[in-house]
Amino acid sequence: MSNEPYKKMHRSTFGKCSALWNKSCRSTLGAETVSDVCSLQLLSPNVTRWNSFFLAVERLLRIIKDKGEGAIRVICTEFKLPMFNPAELAFLAEYNAVMSPVAQATNILQAEENVQMGWLLPTSNLLTAKLDRVKLTVKYCRPLVDALQAGLKTRFGHTTQDPELIAAAILLPKFRTSWTKDDATIGMGVDYIREHLEAPPLQSDGGNPSSSDEEDFFSSLQSPHTDSSKELEGYLAFSSDRMESLKSFPSLCKLSLKLNTPLPASAACERLFSIAGLVFSPRRVRLSSRHFENQLLLRLNKKFLRVQ
């Protein structure tokens, strides 16, 4: 990011934030001082979770909102640190407003439950729209919005033209066609669905002598496509947004299951490897493959185990 005024404001603001976070988390006395004055502890960013920085800023702004700027001024005085000026506080508020939808979108996509591949395009599309709205209200963080939008376009721009991902979003009752106003995009997804729907099984006539070989040969050109189109039209007109409503459309349900089984992010795999690293520690390197797998499965599924 080459915007010098933004870089200058960013360095001065987060330099003061970092000093405040270090003082409060590295000393028991400092933590007690913050707790007494603010009734809340400051959160300190860490390197293992990117959104910890956003959460730390959010907590700081929450303290300012609940206790006023005077509480932060008291803490800065106790720690012998410079107080934030009005421009820096405004910068923090804008940073929080810009990064809040980004944090929400990331949390949605990296979840392991109630999320499918079809969530990717609606989430990225809505995130772009929210950043467009935020951009109109910010003064200091406009370069940050531009950088985020450029990153989204670089990372996800090609996915908006992927018929399979578009179809995956359409085949989720939560979204259908409401997640974009681009008719060409919806048309691309609908065409993909029509092409990949499995035709219903043809009814055998039991060797009826009145049916000719020509009629049997060309019968697949008529009824299957007609039935599939009617099923798709019925699904798009259906009002329920519950996943159970897909069961009323067997062919669409089967295709949706195929397209939406993958997860949109690799966070679940990263958590798996992280837990595996905790199980396979240096002092347990002689675990057999079977015992290692059993312990890993128990760790991952402990929430399903009932405590007696």
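Data overview
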quantity: Matching entry among ARG133, ARG73 (being among the charged types (D, E, K, R) and not assigned by TED's automatic domain parsing to the domain that holds SER256); calculated: ARG73
quantity: Residues of the stretch 235-263 satisfying the condition of being more than 25 Å from the chain's Cα centre (by Cα) and surrounded by 18 or more Cβ atoms within 10 Å (Cβ to Cβ); calculated: TYR235, PHE249, SER251
quantity: Index of the failed condition, LEU120 passing every other in (1) over 22 Å from LEU272 (Cα atoms); (2) under 11 Å from the mean Cα position of the chain (by Cα); calculated: (1)
quantity: Candidate set from the stretch 126-167 (those that are surrounded by fewer than 17 Cβ atoms within 10 Å (Cβ to Cβ) and among the hydroxyl-bearing types (Ser, Thr, Tyr)); member that is nearest to LYS8 (Cα to Cα); calculated: THR137
quantity: Count - residues of the stretch 1-36 that are free of Cβ contacts under 8 Å to residues at least 60 places away in the same chain, surrounded by 14 or more Cβ atoms within 10 Å (Cβ to Cβ) and among the basic types (Lys, Arg); calculated: 1
quantity: One residue from LEU263, LEU259 being assigned to a helix (DSSP H, G or I) and of a type in the set (A, V, I, L, M, F, W, C); calculated: LEU259
quantity: Members of the stretch 1-17 that are over 24 Å from GLU78 (Cα atoms) and small (Gly, Ala, Ser); calculated: SER2
quantity: Restricting the stretch 18-45 to residues that are in a loop (DSSP other than H, G, I, E, B) and either not assigned by TED's automatic domain parsing to the domain that holds ASP66 or not polar (S, T, N, Q) (or both), the residue that is farthest from ARG73 (Cα to Cα); calculated: PRO45
quantity: Qualifying position, being under 30 Å from SER27 (Cα atoms), assigned to a helix (DSSP H, G or I) and basic (Lys, Arg), among LYS65, LYS130; calculated: LYS65
quantity: Single match in ASN260, ASN294 (criterion: in contact with a helix residue (DSSP H, G or I) (Cβ under 6 Å, 6 or more places away or on another chain) and modelled with pLDDT of 85 or more); calculated: ASN260
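The values are calculated or read from the model by the stated rules, or taken from the named source; none is laboratory data. Note that the structure is predicted; figures quoted are calculated from it, not measured. Cβ coordinates were reconstructed from backbone atoms using ideal geometry, including for glycine residues, and neighbour counts include every protein chain displayed.
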